[in-house]
Structures are given as structure tokens and as C-alpha cells.
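This report refers to the structure that appears directly beneath it.
None of the figures in this text is laboratory data; all of them are computed from the coordinates on show. These numbers come from a predicted model, not from an experiment. Reconstructed Cβ throughout: ideal geometry from the backbone, glycine too, with neighbour counts over all protein chains shown.
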Amino acid sequence: MAAPLLHLIAGARPNFMKLAPLVRALRADGRLDWKLIHTGQHHDAAMSGVFFDELGLPPPDVSLDCHGGGHARLTAAILQAYEPHLLADRPAACVVVGDVDSTLACALAARKLGVPVAHVEAGLRSGDMTMPEEINRRATDAIADWLFTTEPSAAAHLRREGHPDARIVEVGHVMVDNLLFQLDRLEAGDAPARAAEAAALAALDAAGARHAIAGRFGVVTLHRPSNVDEPAQLAALMAALGTLAGRLPLLFPVHPRTRDRLAALGLAPTPGLHLLPPLPYRPFLALWRRAALVLTDSGGLQEETTALGIPCLTVRDNTERPVTVDLGTNRIAGTDAARVLALAGQRLDELDAAGPDTAPVRRPPLWDGRSAARIVERLATDLLR
């Protein structure tokens, strides 16, 4: 008898990081078959292909090559392109991760054909319905058969929304599985780790920023439309970062979306603010794991800094990951540039006063590197019943 087949959906950069631990767990378990479906939502080499190599993911079994356009166009294109593969394979389940357009599109296509859906990272809620991700995650949860959650607040949201306990599975976070796995590789100093360190240093050299890591430094990532699409907002944030860089050198790997906006506005960095190209996962980790402070609007980086105990300021007015504030090192700075600058300065003052931090890192429950194994165990148990 053939093993039940899973479709694993990858669309955007964070999806790849979350699927890598699932692929390792599926290989180790051996009871389920699987195919990797790449929708193409992130399609350039800097944001997609290189991640398959360094994360240990095999080449995708199916590439849908859907990218570009607005949310409606992209979602519709993925729905159309994915449906024939569902009809051909009739998988036992479709596994979607996160909250990007690929997540919702593939979940919709599967559920309409009677294929059960497993949502990894279910139940996160920001309460901000202007965020496309919030709409995607709510709609995906509404039709999913398995709701795998990362933190207690996610399970509480799902119960309040009427989802039965039988569908809610608290497993921890596969993003943290991947982080701890990759950190072990870096610390072991194997050949891929040395290559990652070299790639990170090469990016610093290209930006004239090698001196920045000789002492204390910060890391910045910005990509959300609310921060980079409005010219006045982006200009204000860049000015605040320029001021902060006078005290703390900042390394800023620039997302393609942000790069395009900066070029259109003619915004150049001030001394101490070093713009880097997008970095693959491991070279980026090689940089930020030693940062004194991270400023970001990324959901994943809020979690990863919490897992390693690195101070983080989230440049957003809310977070769907409150455990990073309640138990972690994250603070919500908002999007007002003056407030972001003030909180960053306050955080640096606190670090100066505290001196070297010897307090143990507090990780949320189940953030132990075993989340993917729990997911595979539940899916295998249910599908082989």
C-alpha cells in the first residue's frame, strides 16, 4: 500500500525556512510521502532559489511559476496553476505554512477539491485587517482541518473563533526548529558554515561595512508596505536610522521592494547606515546573531530574536506574535519615526547600564527544535488511521 502523499507548499522566503524542518522530520519518520510545490511567489535567485540549497531542501517537484501583479491576480494565478496538480495527485493532505498569498491560494484550491488542509503557524492574529497577511491567515484557518499553533495566544484565538479542540494542535514553532539547526551548523564551523560566514563578510566588504562588526552593531530589515510604500514614512524612518547610526552602526540588508522605493525617492544612507544586498538565510543569521539590537517589521525575526535572546524593536503598531513581547526580548515600537528612534536609544541605554548580559534565554513553551516532528507525528497518526 502506497504511503499517504502530502503536498508541501512553498511560496515566499519565510515558507522555505519553515518547510526545511518538516522535510527533515518527514525523511526521519518515513511513514508519509511528499512533494514540494513551489508557487513562484518569490522567484528571483536572491529571494528564492538559493534558500533551497542552503536549507537542505530538494529541488521542487512542481514549479508553478506564478509571480507578480497584485494580490488578486497572484492568488487567482496560483489557484489556476495548482488545481491540475491536485487533480493528478489527489494528495492525502495539502500542508501550507504562514500567511502569504500562496498559503491562502493553495488552501482554497485543495479544500474545494476535498483535499484536507494542514495550516502550520495557525491562529496568529494582529487584529489589523489592513494587513493582507491577516486576511490570509484568518481565511486559511477557517477552512483548515489541522491547525498547528506556535504559541498559546494562537490556540486561544482559534478557540474564541469557534474552532474545535480536536483540530487545534499546539506544537511549537518550526521557524525555531530551523534557527536552532542552522545555528548548530554555524557553531560547528563546517564547510557550509564557513561559506556562510564568508558570504556575510563579502556583503560587508561590498558595502564598506567590515569595520562595523568590529564592535557593537545593529541590524535593520524593513519591507512592509506600511513602512516602505509611503514616501514620507520611508523618508522619516531612513532619517531616524541615520541618526541612530551615529551611535550604533547599522547593517541593513535591503529587501527588493524596499530597494526599489529607496531608488525611486533618491534616498541615500547616512554614514554608519550600511545598505547590504538581500542575504541568504545562513549568512544573514551569521550577522544578526551577534547584533546588539535588531529593528524589523518582520514577523519571523521577532520570533528568532526571542529564541536567541537578542533585543528587538518591531517597527509596527501591533504584532500577531505577543509571546515575543510577553516572554521574549521584543518591544513594539510603532511606526512613528521619532518614537522608534527614542525607543532604540532607550534600549541602548539599558544595555549600557546592564553590561554583558548573562541571563539565560527564555524561550516560549515548545520552542525546543522538535516542532516539525510533532507535526509529522500527528499527520501520520491521523492519515494512517
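Could you please rank Arg159, Arg370, placing first whichever residue has the fewest other Cβ atoms within 10 Å of its Cβ? List each step's numbers first, then the result.
Values: Arg159 13, Arg370 18.
Fewest-to-most Cβ neighbours within 10 Å comes out as Arg159, Arg370.
Given R0 = 41 Å, the distance between the Cβ atoms of Arg27 and Ala76 translates into a calculated FRET efficiency of 0.75.
Seen through its C-alpha gyration tensor, with square-root eigenvalues sorted a ≥ b ≥ c, the range 169-210 comes out oblate because a/c lies at 1.5 or above while a/b is not bigger than b/c.
Result for the chain in a Gaussian network model with C-alpha springs under 10 Å: among Lys35, Lys112, Lys18, the largest mean-square fluctuation is at Lys112. Using a Gaussian network model of the chain in which every pair of alpha carbons under 10 angstrom is joined by a spring, one finds that among Pro21, Pro152, Pro231 the greatest mean-square fluctuation is at Pro231. Springs between alpha-carbon atoms under 10 Å, Gaussian network over the chain: tell me which of Val220, Val62, Val294 tops the mean-square fluctuations. It is Val62. For each of Phe148, Phe217, count neighbouring Cβ atoms within 10 Å of the residue's Cβ, then give the residues from fewest to most. Fewest-to-most ranking of Phe148, Phe217: Phe217, Phe148.
With one equal scatterer per alpha carbon and no solvent term, the Debye-computed log10 I(q)/I(0) for the range 190-354 at 0.15, 0.18 1/Å reads -0.78, -1.16. Each principal axis of the Cα cloud of the chain was evaluated for its coordinate range; sorted largest first, these ranges are 63, 45, 44 Å. Ordering Thr150, His255, Gly123 by the projection of their Cα atoms onto the charge dipole of the chain, which places +1 on the Cβ of Lys and Arg and -1 on the Cβ of Asp and Glu, puts Thr150 at the extreme positive end. The distance between label points at Arg257 and Ala232 comes to 2.1 nm (points 7 Å beyond Cα on the Cα→Cβ vector).
What ranking do Thr335, Thr140, Thr221 get, fewest neighbouring Cβ atoms within 10 angstrom at the top? Walk me through the numbers before you get to the answer.
Numbers: Thr335 18, Thr140 25, Thr221 22.
Ranked by crowding around the Cβ, least crowded first: Thr335, Thr221, Thr140.
If one computes the Cα centroid of the range 1-37 and of the range 166-216, what distance in Å separates the two points? Rounded to whole Å, the Cα centres lie 22 Å apart. Sorting 195-201, 279-285 by average packing, meaning the other beta carbons within 10 Å per residue, from highest down gives 279-285, 195-201.
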